[in-house]
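Only one structure is covered here, and it is reproduced in the block below.
The values are calculated or read from the model by the stated rules, or taken from the named source; none is laboratory data. Here the structure is a predicted model, which is why all the values come from computation and not from measurement. A quick note on method: Cβ atoms are made from the backbone with ideal geometry, for glycine too, and the neighbour counts reach across all protein chains shown.
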């Protein structure tokens, strides 16, 4: 079973304990460390042979099911015009999507 630490870079002292656990158990996939900013911590441990990096991007409104994809930013920037398109989302759902970002 794995353990997930989100925004782990905000608590860099856990890195030493995680490194020791990985070294002691010699298993893959024990920990998932996620964060929304670059790793910028002072640590003597490089993570060599212990860490794999995966760049992740936020989901688009289309990917999250909040947009039909009828209108796209790429098409708008390329000068395409659209007829009126009405969202099926409620006002609360629209506000949530705007605040969440993506």
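Just one of the numbered conditions (1) at pLDDT 75 or above; (2) under 30 Å from residue 97 (Cα atoms) is not true of residue 13: (2). The residue that is farthest from residue 61 (Cα to Cα), counting only those in region 77-102 that are at pLDDT 90 or above and surrounded by 10 or more Cβ atoms within 10 Å (Cβ to Cβ), is 80.
Remark: residue 4 matches the filter, which requires a residue to be exposed (fewer than 10 other Cβ atoms within 10 Å of the Cβ), touching a strand residue (DSSP E or B) at 6+ places or on another chain (Cβ under 9 Å) and at pLDDT 85 or above.
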